[in-house]
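Visitor: Pasting in a structure now, in structure tokens, and then I'll have a few things to ask.
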Amino acid sequence: MSLYIDIFITFFKIGLIGFGGGYAIIPIIESQVSLHQWLDVKQLTDVIAIAAMAPGPIAANSATVIGFKLAGIPGAAIACTGITLPSLLVILILGKLFIKFQEHVLVKATFYGLRATIIGTIVYAAIKFAISNGIIGGSNLIDIKNILLVLVSFVLLVKTKINPMYLIIAAGLIGILVF
Amino acid sequence: MKNVNEREIDFKILSDLFFTFFKLSPISFGGGFAMMPVLEAEIVEKKKWIDDKQIVDTFVLAQSAPGAIATNSAIFVGYQIAGVPGAIAAMMGMIIPTFVIVIVLALLFVFFQTNHYVLAALNGIRPVIVALIASAAYKMSKTSLIDKTCWIICLLCVAVLLFCPDINIIVVILSGAFIGIAIVKIKKMFSTSVKTK
């Protein structure tokens with residue numbers, strides 16, 4: 001029971017601070033999951049792979065997989081509810097107010113700093129995931145095969161509208177052939 | 001009699017909301033931004049639930065509120081049409097299909113995670129996940145890092161997170177918001193003092 005409560009509170013907190021949606025929430029999930037020693041970064045990378053292969057929000061999907069790993073389907077439902085509930089509450093309570101004040105100096109100033117910080121957290125997450133998966137900073141400093149995969153995927157994701165699911169499937173096939 | 005009618009209409013709208021987002025949810029690959037045009041076509045043009053101005057407000061709010069942009073949009077569309085029950089119906093419609101798909105994938109993963117081929121495939125997939133995260137930062141930076149000050153805040157944030165692992169990321173994010181307020185205030189003071197000279 002206490003694990004259920006722990007899962008709920010942790011993901012509720014993540015959902016509450018998860019500004020920017022999607023991949024902006026990954027660094028927060030990473031920090032909270034390591035804090036609880038639920039998963040290491042490599043396991044979390046696999047979780048995100050599963051989450052990114054499914055349609056829908058990457059953060060809620062990741063929460064679902066982590067909850068599932070920790071406590072089966074009830075854990076998955078609790079984690080997914082926990083991360084989504086803050087959105088519902090914030091929008092219901094502050095939604096109309098925000099639309100009225102979205103041009104207010106203080107609101108704009110808050111998001112000016114907040115958005116820049118969020119980018120920083122995502123860049124940090126990319127670096128951390130690269131290190132933890134031995135892509136950079138390992139015994140060879142840079143793993144050529146891996147870094148090539150990162151760069152090609154990055155260019156495809158930025159320059160084309162490729163569906164991440166296809167990219168993941170293609171990379172999986174490459175993995176079977178090369179590794 | 002009127003009461004009964006109202007209840008019927010309510011239920012109809014709620015189920016309509018639920019199933020509209022239920023249908024949209026499984027095709028929402030590529031995250032919130034990719035979903036916006038699909039949502040607009042369905043909600044504004046086809047269903048005529050809300051108008052152009054309202055959908056713009058919805059997307060602004062969806063990006064500003066914490067959480068997933070697509071789910072946030074669904075919640076606020078539901079709320080505008082049918083109040084709190086509408087918000088919940090739209091949210092459930094958005095979440096349930098992807099939840100089920102994710103559970104199926106997770107079950108498959110647990111079943112096959114020791115398989116030789118799956119392990120090899122994961123070795124190929126992990127770099128893509130790094131690229132996915134990095135590309136999200138790159139795409140968002142275009143609208144978020146609008147001047148030099150933003151770049152400095154961003155780099156400072158990366159440095160703090162990398163070199164001071166004891167500082168909680170939640171504290172870092174909230175500090176970013178306060179730094180934003182402080183900088184805008186300082187800039188304003190500076191520009192007025194320049195003007196007065």
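The values are calculated or read from the model by the stated rules, or taken from the named source; none is laboratory data. What you see is a predicted model; the values in this text were computed from it and never measured. Neighbour counts run over all protein chains shown; Cβ positions are idealised from the backbone, glycine included. Just the protein is used for accessible areas: all its heavy atoms, side chains included, with ligands, DNA and RNA removed. Shrake-Rupley method; radii C 1.70, N 1.55, O 1.52, S 1.80 Å.
Visitor: Going by the structure shown, is residue A:70 open to solvent by 10 Å² or more (accessible area, probe 1.4 Å), more than 9 Å from chain B (Cβ to nearest Cβ), in a helix (DSSP H, G or I) and farther than 25 Å from residue B:121 by Cα?
Guide: For residue A:70, the condition - open to solvent by 10 Å² or more (accessible area, probe 1.4 Å), more than 9 Å from chain B (Cβ to nearest Cβ), in a helix (DSSP H, G or I) and farther than 25 Å from residue B:121 by Cα - is not met.
Visitor: Which one of these does residue A:38 not meet: (1) assigned to a helix (DSSP H, G or I); (2) open to solvent by 10 Å² or more (accessible area, probe 1.4 Å)?
Guide: Condition (1) is where residue A:38 drops out.
Visitor: Can you work out which of the residues in region A:73-96 that are over 19 Å from the mean Cα position of the chain (by Cα) and either of a type in the set (Val, Ile, Thr) or under 15 Å from residue A:5 (Cα atoms) (or both) is surrounded by the most Cβ atoms within 10 Å (Cβ to Cβ)?
Guide: Only one residue tops the list, namely A:91.
Visitor: If I ask for residues that are more than 8 Å from every other protein chain (Cβ to nearest Cβ) and under 30 Å from residue B:23 (Cα atoms), which ones from region A:43-53 would you list?
Guide: A:44, A:47
Visitor: Here is a further query. Name the helices (runs of 4 or more DSSP H) wholly inside region B:12-117 in which the number of residues that are modelled with pLDDT of 90 or more and either in contact with a Cys (Cβ under 9 Å, 6 or more places away or on another chain) or surrounded by fewer than 20 Cβ atoms within 10 Å (Cβ to Cβ) (or both) is 3 or more.
Guide: B:69-112
Visitor: Could you tell me which residue of region A:21-42 is nearest to residue B:132 (Cα to Cα), considering only residues that are of a type in the set (Val, Ile, Thr) and facing another protein chain (nearest Cβ under 7 Å)?
Guide: So the residue we want is A:26.
Visitor: Let me ask you something else. Within 7 Å of chain A (Cβ to nearest Cβ) and free of Cβ contacts under 8 Å to residues at least 12 places away in the same chain: does that describe residue B:56?
Guide: Answer is no for this residue.
Visitor: Could you check, for region B:156-176, whether at least one of its residues is more than 8 Å from chain A (Cβ to nearest Cβ) and over 29 Å from the mean Cα position of the chain (by Cα)?
Guide: No - not one qualifying residue is present in region B:156-176.
Visitor: Of the residues A:91, A:99, A:147, which is over 17 Å from residue A:23 (Cβ atoms), modelled with pLDDT of 90 or more and within 7 Å of another protein chain (Cβ to nearest Cβ)?
Guide: A:91
Visitor: Is it the case that some residue within region A:149-164 is touching a residue at least 12 places away in the same chain (Cβ under 8 Å), open to solvent by 30 Å² or more (accessible area, probe 1.4 Å), out of contact with any Leu (no Cβ under 9 Å at 6 or more places or on another chain) and not charged (D, E, K, R)?
Guide: No, every residue in region A:149-164 fails to be touching a residue at least 12 places away in the same chain (Cβ under 8 Å), open to solvent by 30 Å² or more (accessible area, probe 1.4 Å), out of contact with any Leu (no Cβ under 9 Å at 6 or more places or on another chain) and not charged (D, E, K, R).
Visitor: Which of the residues belonging to region A:150-179 are of a type in the set (Phe, Trp, Tyr), within 7 Å of chain B (Cβ to nearest Cβ) and within 21 Å of the chain's Cα centre (by Cα)?
Guide: Correct list: A:154 only.
Visitor: Sticking with this structure for a sec: Residues to consider are A:56, A:18, A:82; find the one that is facing another protein chain (nearest Cβ under 7 Å), in contact (Cβ under 8 Å) with a residue 24 or more places away in the chain and of a type in the set (Gly, Ala, Ser).
Guide: A:18
Visitor: Taking only region B:163-186 into account, find how many residues are free of Cβ contacts under 8 Å to residues at least 12 places away in the same chain and in a helix (DSSP H, G or I).
Guide: 14
Visitor: Please go through region A:100-142 and give me each residue that is open to solvent by 40 Å² or more (accessible area, probe 1.4 Å), outside any strand (DSSP E or B), over 18 Å from residue B:180 (Cα atoms) and out of contact with any strand residue (DSSP E or B) (no Cβ under 7 Å at 6 or more places or on another chain), ordered by number.
Guide: A:100, A:123, A:127, A:128, A:132, A:139, A:140
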